[in-house]
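Let me begin by presenting the structure, written as structure tokens, before commenting on it.
Every number here is computed from the coordinates shown, using simple stated rules; none is lab data. These figures come from a predicted structure and were not determined experimentally. Here the Cβ positions follow ideal geometry from the backbone for every residue, glycine too, while neighbour counts run over all protein chains shown.
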Amino acid sequence: MARSGRKIPEVNSSSMADIAFLLLVFFLVTTTIATDKGLTLTLPPKPDPNEPPPDITKNQRNIFKILVNSSDRIMVEDEELTDVTKLRTMVKEFVLNFGKPTSEEAQALYNSLPASLKALSKKDPTSSDDPKEAVVSFKADRGTSYDVYIAILDELQGAYYEIYGDRVGISADDFRALDRKKPDEAEKYKIAREGIGMQISIAEPSKTGDN
Amino acid sequence: MAKFKKKSNTSQDIPTAALPDIIFMLLFFFMVTTVLREVTINVKQSIPKATQLRKLEQKKLVSYLYVGKPNDPEKFGTEPRIQANDAFIEVDGIIQFIEEEKGKLAEHEKDQLTMSLKVDEETKMGIVSDITEKMKDVNARKLMYAASQKGVE
């Protein structure tokens, strides 16, 4: 007993570095570096002042109207909407309505849709003719809160991304993450958007609210 | 009981061989997570939450505009203001700012300039639409409303 007591016991520290690296890797993986994320949008070009504005002869049924006033109350298709989250299904049904397909292309588009999207098509004659014609019009007021505006825009884009995702059999999240630099993912992106453009028209706000 | 009274000759030192590793680890950790901010943001920034977020790939093509109530209301008032780089700018100054930002890019990249609008959620739409109208004027049509992921902190 006395012999062993005189020895200097040491903790084997050779694996300490490994533990340190393990922790380092753990933090590296879990820490999210602040990246730029947000809702992307491409603005329409400024109309040429020398040219008269084009005559718009769009049927009312092909326009899905969303209006928000300065006290953040939302009106969708002439009815008040209190729950913003309902908007997503409404937009999906509107876009995929196929009430009266205007061309053979549109009919072919309908036939190419997966069953989950065909189920949303109600063929309602008072709603949009086909996705090419369907336009979502979104008009806010200068007094509308920014967070309400973003919440609505989020739902509108979400509706389209879900349609795109369903067409190629992935979730909306996966669709948004598609990297267009990779050929196979770019192809998926193209197929998903074929014939169904994200036609969200954001009108210049009205001026009833202050600032 | 004699067993417990026995004095041990063991050394009480903690091995310090791994200390450099730990220090390096901390160093790396902070090096990685620290975001170097070039500008001091002088407006209130509470970014709204959304779900349908997309990432911007090329950082050098992005310019930022910060909109919100000034942090120093006595000096700058309580109305939302626009901040570009380190200074407050007026709505009319946006055109000049975008032109400057475009000037920093190569010729073929000029159309690809993306404006990232970091707008406080309490702001009204008026000022935001003023910015987008000015962007159309200078043909800077790519826009991103900065938002953070809903449901995840």
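Using alpha carbons only, how many degrees (0 to 90, rounded to 10) separate the axis of helix B:19-33 from the longest principal axis of chain B?
Rounded to the nearest ten degrees, it is 10.
Angle, helix B:125-137 long axis vs. longest principal axis of chain B, Cα atoms, 0 to 90°, nearest 10?
70
Quick one: net charge around A:Tyr164, please, counting Lys, Arg +1 and Asp, Glu -1 for every other residue with C-beta under 12 Å from its C-beta.
+1
Over the range B:49-149, what is the relative contact order in percent, taking alpha-carbon pairs closer than 8 angstrom and at least six residues apart?
Relative contact order comes out at 36 percent.
Enter the angle in degrees (range 0 to 90, nearest 10) between the Cα long axis of helix A:16-30 and the first principal axis of the Cα atoms of chain A, meaning the one along which they spread out most.
10
By the gyration tensor of its Cα atoms, with a ≥ b ≥ c the square roots of the eigenvalues, what is the shape of the range B:49-149: rounded for a/c under 1.5, prolate for a/b over b/c, or oblate?
Since a/c reaches 1.5 but b/c is at least a/b, the shape of the range B:49-149 is classed as oblate.
Distance between Cα centroids, the range A:106-147 to the range B:31-103: provide it in whole Å.
Result: 34 Å between the Cα centres.
If you restrict to DSSP beta bridges whose two residues both lie in chain A, what percentage is antiparallel, to the nearest 5?
The antiparallel proportion sits near 40 percent.
Based on the alpha-carbon gyration tensor of the range A:84-185, what equivalent-ellipsoid semi-axes (square roots of 5 times the eigenvalues) come out, in whole Å, largest first?
Working through the eigenvalues yields semi-axes of 24, 21, 12 Å.
Give the lysines reachable from A:Lys118 as a straight Cα distance under 19 Å; neighbours fewer than 8 places away on the same chain don't count.
A:Lys92, A:Lys100, A:Lys132
In the structure displayed, which of A:Lys188/B:Lys142; B:Lys55/B:Lys104; A:Lys139/B:Lys55; A:Lys65/A:Lys139; A:Lys58/B:Lys134 lie more than 19 Å apart, Cα to Cα?
Among A:Lys188/B:Lys142; B:Lys55/B:Lys104; A:Lys139/B:Lys55; A:Lys65/A:Lys139; A:Lys58/B:Lys134, the Cα-Cα distance tops 19 Å for A:Lys188/B:Lys142; B:Lys55/B:Lys104; A:Lys139/B:Lys55; A:Lys58/B:Lys134.
Average the reciprocal distances over every distinct pair of alpha-carbons in the protein assembly as shown, invert the result, and give the Kirkwood radius in Å.
About 24.5 Å for the protein assembly as shown.
Computed over the Cα atoms, what is the radius of gyration of chain A divided by 2.2 N^0.38 Å, N being its residue count?
My calculation over the Cα atoms of chain A gives 1.59.
Find the relative contact order for chain A and round it to a whole percent, using C-alpha pairs within less than 8 Å whose residues are 6+ positions apart.
About 21 percent, as a whole number.
Please give the FRET efficiency for A:Lys118 paired with B:Glu74, using the beta carbon to beta carbon distance and R0 = 56 Å, rounded to the nearest 0.05.
The calculated FRET efficiency here is 0.35.
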